[in-house]
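*Asks:* Got a structure for you, questions after.
The values are calculated or read from the model by the stated rules, or taken from the named source; none is laboratory data. This is a predicted model, so every value here is computed, not measured. In this analysis, Cβ positions are derived from the backbone assuming ideal geometry, glycine residues included, and neighbour counts consider all displayed protein chains. Side chains are part of the model used for accessible areas, which takes the heavy atoms of the whole protein and leaves out ligands, DNA and RNA. Shrake-Rupley method; radii C 1.70, N 1.55, O 1.52, S 1.80 Å.
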Amino acid sequence: REKRAFRKAFSTIRSIPRAWLALHAIVIGHITMVTIMVMTPVHMAHVDVSLRLIGLVISVHVLGMYALSPVVGKVVDKIGRIKTIIVGVVILLTSAIISGLAYADAVVQLGIGLFLLGLGWSCTLIAGSTLLAESLPDEIKASGQGLSDLSMNGGGALGGALAGVIIAFSSYGWLCATMALPVLYLGVKALRLRASSI
């Protein structure tokens, strides 16, 4: 029964362009955030940066994720869901560039990059969740939200595993560059939908 509900939710979401974009925003934003975040302490530890400084960078990242959530919510209402997703894309790309170009002991640069990573995640998650909820018919809202949560958390787990593989064969900089690709795809998708709805 649950499988049928998820299948119906998936087919419904896929058939509604705004809901399909919303799911992409939630999942891609989360994968990007988790993938870069989990490997930043490893990157810094390679040159023996102290645990206190690593903890500070991660704390700043968490601050970016949650501290400005009320402001992001107001932005979503003021400029719209799709525009906020695009803003989130720009912030995530900026974060990937700043973080990817940082030396392992560049604590301030990594702190800025990780703060922006959290803020970009907040934009894509809040705007995406709002867009998904209002795009779905009432009878599918609960299963649609469940599918969204499952996809987001599954994507996060995949991102964490992928991060380890990329770091094993390449570098932190290449990890950030790799994660910029799905974010770019999300940006193009959002811009196309916005253009078609104007």
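*Asks:* Considering every pair of different Cα atoms, what Kirkwood radius, in Å, is found for region 54-124?
*Replies:* Evaluated on region 54-124, it is 12.1 Å.
*Asks:* Sticking with this one: Using only the alpha carbon atoms of region 146-185, find the Kirkwood hydrodynamic radius as the inverse mean reciprocal pair distance, in angstroms to one decimal.
*Replies:* On the way: mean 1/r = 0.0910 Å⁻¹.
After inverting the mean inverse Cα-Cα distance, the result is 11.0 Å.
*Asks:* Farthest toward the dipole's positive end in the chain, which of 23, 154, 103, given Cβ charges of +1 (Lys, Arg) and -1 (Asp, Glu) about the Cα centre?
*Replies:* Comparing the listed Cα positions along the dipole, 23 ranks first.
*Asks:* Helices from the chain with mean Kyte-Doolittle at least -1.0 and a Cα length along the axis of 24 Å or more, per DSSP H: which? Intermediate results must be reported in sequence, preceding the final value.
*Replies:* Numbers: long enough: 17-45 (43 Å, 1.26); 81-100 (28 Å, 1.84); 107-135 (41 Å, 1.48); 141-169 (41 Å, 0.76); 172-197 (38 Å, 0.83).
For the chain, where a helix must reach 24 Å along its axis and average at least -1.0, the hits are 17-45, 81-100, 107-135, 141-169, 172-197.
*Asks:* How compact and how long is the chain, expressed as Rg and Dmax of its alpha-carbon atoms in Å?
*Replies:* Spelled out, the Cα radius of gyration and Dmax of the chain are 17.1, 53 Å.
*Asks:* Semi-axes of the equivalent ellipsoid of region 43-86: what are they in whole Å, largest first, if each equals the square root of 5 times a C-alpha gyration tensor eigenvalue? Display every interim value, and only then the final one.
*Replies:* Numbers: eigenvalues 220, 26, 3 Å².
In descending order the semi-axes read 33, 11, 4 Å.
*Asks:* Testing the spin-label approximation: label points 7 Å from Cα along Cα→Cβ at residue 78 and residue 45. State their distance in nm.
*Replies:* Each label point is offset 7 Å from its Cα along the Cβ direction, giving 4.0 nm.
*Asks:* May I ask which of 8/83; 74/189; 78/189; 3/189; 3/141; 8/78 have a Cα-Cα span longer than 25 Å here?
*Replies:* Values: 8/83 28 Å; 74/189 23 Å; 78/189 21 Å; 3/189 28 Å; 3/141 15 Å; 8/78 32 Å.
Violating the 25 Å Cα-Cα cut-off are 8/83; 3/189; 8/78.
*Asks:* Same structure, new question: How big is region 13-56 along each principal axis, measuring the range of its Cα positions in Å and listing the largest first?
*Replies:* Dimensions of region 13-56 along the principal axes of its Cα atoms: 50, 16, 8 Å.
*Asks:* Quick check for you: with a 1.4 Å probe and neighbouring chains kept, what is the accessible area per residue of region 57-198, in Å²?
*Replies:* Values: 6780 Å² over 142 residues.
So region 57-198 comes to 48 Å² accessible per residue, rounded to a whole number.
*Asks:* Using only the alpha carbon atoms of region 1-88, find the Kirkwood hydrodynamic radius as the inverse mean reciprocal pair distance, in angstroms to one decimal. Could you put the intermediate results ahead of the total?
*Replies:* Working: mean 1/r = 0.0630 Å⁻¹.
That comes to 15.9 Å for region 1-88.
*Asks:* How big is the dipole moment of the chain about its Cα centre under a simple scheme where the beta carbon of each Lys and Arg is +1, that of each Asp and Glu is -1, and everything else is neutral? Debye, nearest 20, please. List each step's numbers first, then the result.
*Replies:* Values: 16 positive and 8 negative charges, 159 e Å.
The calculation lands at about 760 debye.
*Asks:* Distances over 20 Å make up what percent of all Cα-Cα pairs in region 115-198? Intermediate values should be presented prior to the final figure.
*Replies:* Values: 1688 of 3486 pairs.
Looking at region 115-198, the distances longer than 20 Å represent 48 percent of pairs.
*Asks:* Let me ask another. Quick one: if you stick a label point 7 Å off each Cα along the C-beta vector at residue 11 and residue 149, how many nm between them?
*Replies:* Between residue 11 and residue 149, the label points sit 2.4 nm apart.
*Asks:* Mind checking the dipole of region 36-152: about its Cα centre, +1 per Lys or Arg Cβ, -1 per Asp or Glu Cβ, Debye to the nearest 20? Before the final figure, lay out each step's value.
*Replies:* On the way: 6 positive and 7 negative charges, 57 e Å.
Using Cβ point charges on Lys, Arg, Asp and Glu, region 36-152 gives about 280 debye.
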